[in-house]
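The values are calculated or read from the model by the stated rules, or taken from the named source; none is laboratory data. Since this is a predicted model, take the numbers as computed values, not measurements. FYI the Cβ positions are ideal-geometry reconstructions off the backbone, even for glycines, and counts take in every protein chain you see. The area values use the complete protein model at the heavy-atom level, side chains included, leaving out ligands, DNA and RNA. Shrake-Rupley method; radii C 1.70, N 1.55, O 1.52, S 1.80 Å.
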Amino acid sequence: MKRVILFAALCLFFFIGLSAQQRRTAVRKSVSSAANKTTTPKVSNKYAILNLVDDWVKERPCESATDIYFFDIYHSDANTLRAVNKETGEVRIVIPRKTRNRPRVLAVGCDRKDLYLLVADKGIVKYDGQSVQTSPLILAEGGDAKEALKHNDVVRRIIFSPNGKYAALVGEDNILIDVEQGFKPIRKVSVNHNDIILLDDGTMVVAAGTDVIVFPFGKPAKVFSKKDIGNGGEGEAVALYFNETTKTLYVAMGEQVLKTQFDDIDNIAWKEAFLLPGENKHFIRFAMNAKHAYGQTSLYDKQYYDWSAGDLTSTPVITKTIKTDVVDREQWKENTRKEEIYSLYEHVFYDQKGNLWLQRGDGSFVIYNPDGISGLTQLKGKVVYHRLPPVD
């Protein structure tokens with residue numbers, strides 16, 4: 001009988017010890033799981049950051065059907081061109097660093113399928129995918145016509161109308177080009193500007209200081225001064241947007257966003273679409289598309305305005321900084337601090353997929369989409385660095 005009792009007691013101790021061991025294992029697994037969650041925070045895929053190291057992107061990027069092109073400023077030592085695939089987010093070098101034998105590229109632009117370059121001492125070439133030198137010339141410098149591209153013309157970008165029928169060489173000198181007539185120059189106007197758009201009928205609209213200037217195709221220019229169409233407050237016209245569906249033209253000017261129906265050039269009537277609160281501030285950057293709008297103002301404590309409606313009818317979310325949910329691990333692998341953006345430089349623009357690009361440095365861009373980044377699969381939710389190869 002004593003042996004039976006002793007055997008039962010030993011079995012009881014064994015099962016109690018086994019149960020305790022299982023509980024300790026479960027606790028360790030739980031702690032380990034919690035630690036993993038701490039070191040790999042979830043991201044919403046609403047943000048990404050792309051750093052194009054070694055480039056100074058001064059001009060607004062251009063966009064084809066498949067890629068967004070980023071051009072290093074024309075007078076830099078590198079003078080490179082990089083492209084980001086809109087679906088995959090892969091970054092590649094299209095035109096490598098300048099060599100002694102390669103002529104300098106002064107400006108770039110693209111339509112839905114082709115890439116165009118303004119080459120120093122030569123003119124406009126259509127890039128053949130191989131090199132600047134072998135690309136065919138389609139508009140040479142020189143000529144006696146007043147619309148001709150001259151050697152000393154200051155051109156910084158090449159833009160196209162949405163239907164691809166017209167192009168414009170834009171900078172301090174702006175030349176309208178008829179693409180279907182063999183890239184023929186047909187109009188030239190010299191005006192400094194903050195923004196310019198080109199419409200399907202060849203009309204150029206320019207945000208120039210405190211004026212909006214419309215150059216209708218084949219007609220004299222129309223000038224709309226801020227004191228006549230707005231409230232005359234502080235600040236310039238900084239950005240333009242044309243909604244193709246509603247035929248509405250928007251301009252961010254001073255402390256207002258103004259709009260007008262633009263299907264009849266002779267009957268333009270400007271209305272106020274949005275007015276900043278009376279806090280002595282004005283827009284310094286602005287972008288719109290059909291679904292959203294985003295603006296940066298001159299008031300530091302209330303810099304960023306984020307609209308969920310593309311017609312500005314929603315109440316904007318106003319923030320001092322841009323709080324992303326992505327972490328820069330390349331600088332420090334154990335980093336858990338989410339990137340926060342305090343200031344922007346140069347450009348803000350929406351790509352054709354609806355992603356907003358916010359330039360925060362020389363070649364550094366924050367990508368934001370409140371609906372989740374569309375395409376750019378290798379970039380979304382990350383901080384990515386792309387470096388040029390070292391110089392030999």
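Tabulated data
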{"read-out": "Filtered residues of the range 148-179 (kept if in contact with a Pro (Cβ under 9 Å, 6 or more places away or on another chain) and either in a strand (DSSP E or B) or open to solvent by 50 Å² or more (accessible area, probe 1.4 Å) (or both))", "value": "LEU169, ILE175, LEU176, ILE177, ASP178"}
{"read-out": "Selection from the range 344-371 of residues that are within 18 Å of PHE71 (Cα to Cα), among the aromatic types (Phe, Trp, Tyr) and touching a residue at least 24 places away in the same chain (Cβ under 8 Å)", "value": "PHE349, TYR350, TRP357, PHE365"}
{"read-out": "Flag if LYS353 is at pLDDT 95 or above, open to solvent by 50 Å² or more (accessible area, probe 1.4 Å) and within 14 Å of ALA48 (Cα to Cα)", "value": "no"}
{"read-out": "Strands (runs of 3 or more DSSP E) (entirely within the range 267-385) containing at least 3 residues that are within 28 Å of GLU255 (Cβ to Cβ)", "value": "271-275, 283-288, 293-297, 304-307, 317-319, 322-327, 348-350, 356-359, 364-368"}
{"read-out": "Unique match (being among the hydrophobic types (A, V, I, L, M, F, W, C), over 30 Å from THR245 (Cβ atoms) and modelled with pLDDT of 95 or more) among ILE341, ILE367", "value": "ILE341"}
{"read-out": "Selection status of VAL223, closer than 23 Å to ALA290 by Cβ and either open to solvent by less than 60 Å² (accessible area, probe 1.4 Å) or of a type outside the set (Asp, Glu) (or both)", "value": "no"}
{"read-out": "Filter result (touching a helix residue (DSSP H, G or I) at 6+ places or on another chain (Cβ under 8 Å) and either among the charged types (D, E, K, R) or at pLDDT below 95 (or both)) within the range 163-195", "value": "LYS165"}
{"read-out": "So GLY182, is it surrounded by fewer than 18 Cβ atoms within 10 Å (Cβ to Cβ), closer than 20 Å to ALA65 by Cα and small (Gly, Ala, Ser)", "value": "no"}
{"read-out": "Only listed residue being assigned to a loop (DSSP other than H, G, I, E, B), open to solvent by 40 Å² or more (accessible area, probe 1.4 Å) and closer than 30 Å to ARG100 by Cβ, chosen from GLY143, GLY218", "value": "GLY143"}
{"read-out": "Candidates TYR300, TYR304, filtered to the one that is open to solvent by 50 Å² or more (accessible area, probe 1.4 Å) and without any contact (Cβ under 8 Å) to a residue 60 or more places away in the chain", "value": "TYR300"}
{"read-out": "Unique match (being in contact with a Lys or Arg (Cβ under 9 Å, 6 or more places away or on another chain) and open to solvent by 30 Å² or more (accessible area, probe 1.4 Å)) among ILE318, ILE322", "value": "ILE318"}
{"read-out": "Count of the range 185-206 residues which are part of a loop (DSSP other than H, G, I, E, B), among the polar types (S, T, N, Q) and open to solvent by 20 Å² or more (accessible area, probe 1.4 Å)", "value": "2"}
{"read-out": "Complete set of residues in the range 237-251 that are of a type outside the set (Ser, Thr, Tyr) and either touching a strand residue (DSSP E or B) at 6+ places or on another chain (Cβ under 7 Å) or assigned to a strand (DSSP E or B) (or both)", "value": "ALA237, VAL238, ALA239, LEU240, PHE242, ASN243, LYS247, LEU249, VAL251"}
{"read-out": "ILE197 being closer than 22 Å to ALA65 by Cβ and in contact (Cβ under 8 Å) with a residue 24 or more places away in the chain", "value": "yes"}
{"read-out": "Residue among ALA273, ALA237 that alone is under 27 Å from the mean Cα position of the chain (by Cα), surrounded by 13 or more Cβ atoms within 10 Å (Cβ to Cβ) and within 19 Å of ASN192 (Cβ to Cβ)", "value": "ALA237"}
{"read-out": "Residue satisfying condition, being touching a residue at least 60 places away in the same chain (Cβ under 8 Å) and either out of contact with any strand residue (DSSP E or B) (no Cβ under 9 Å at 6 or more places or on another chain) or open to solvent by 80 Å² or more (accessible area, probe 1.4 Å) (or both), within set GLU330, GLU339, GLU334", "value": "GLU334"}
